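See structure below.
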Amino acid sequence: FPGRASDTLVTKTMLGTFGCVPAFDSYFRRGFGVHTFNHSALKRIDAFVSRYSDAIKNARSHTIDFSTGEPTPNQYTAAKIVDMIFFVRGGGKLD
């Protein structure tokens, strides 16, 4: 990004492009109890994923093809599942 990009912008882009890290928006930060996207936060996320790996695997549903409404072969990543868990815990609503 040109100039200084916020943690929210960087992590939302990483989640949407690579699916490798939760989006550090205000809901996730509040729900997970972190303030900054840094090594310490990533270690805490890794520990959470390791501890709850079976539940996260079971929650990895298939994405939906917008044109057909049918499931695709692609599944949500573990990072997206963690993102959704702490988004809701932080006060966000899933529609």
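The values are calculated or read from the model by the stated rules, or taken from the named source; none is laboratory data. Bear in mind that the values here come from a model prediction, so they are computed numbers and not experimental data. Glycine gets a Cβ as well: all are built from the backbone with ideal geometry, and neighbour counts include every protein chain shown. Protein only, heavy atoms only, side chains kept; ligands, DNA and RNA dropped before computing areas. Shrake-Rupley method; radii C 1.70, N 1.55, O 1.52, S 1.80 Å.
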Hey, Ala41 on the phi < 0 side of the Ramachandran plot, in a helix (DSSP H, G or I) and open to solvent by less than 50 Å² (accessible area, probe 1.4 Å) or not: yes
Within segment 48-74, restricting to residues that are in a loop (DSSP other than H, G, I, E, B) and either of a type in the set (D, E, K, R) or within 19 Å of Gly31 (Cα to Cα) (or both), the one that is farthest from the chain's Cα centre (by Cα) is Glu70
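Being among the small types (Gly, Ala, Ser) and open to solvent by 70 Å² or more (accessible area, probe 1.4 Å) narrows it down to one of Ser53, Ser61, Ser67, so name that one.
On the way: Ser53 fails: open to solvent by 70 Å² or more (accessible area, probe 1.4 Å); Ser61 fails: open to solvent by 70 Å² or more (accessible area, probe 1.4 Å).
Residue meeting the stated conditions: Ser67.
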Output for Cβ contacts, cut-off 7 Å, separation at least six or different chains, first residue farther than 16 Å from Lys93 by Cβ in segment 22-39, second of a type in the set (A, V, I, L, M), reads Pro22/Leu15; Pro22/Ile45; Pro22/Ala79; Pro22/Val82; Val34/Ala41; Phe37/Val10
With the first residue restricted to segment 80-95 and required to be under 17 Å from Val49 (Cα atoms) and touching a residue at least 12 places away in the same chain (Cβ under 8 Å), and the second required to be open to solvent by less than 70 Å² (accessible area, probe 1.4 Å) and assigned to a loop (DSSP other than H, G, I, E, B), Cβ contacts under 7 Å at 6 or more apart or on different chains are Lys80/Gly19; Val82/Pro22; Asp83/Pro22; Asp83/Ala23; Phe86/Pro22
Within segment 1-19, residues open to solvent by 80 Å² or more (accessible area, probe 1.4 Å) and either touching a residue at least 40 places away in the same chain (Cβ under 8 Å) or outside any helix (DSSP H, G or I) (or both) come out as Phe1, Pro2, Arg4, Phe18
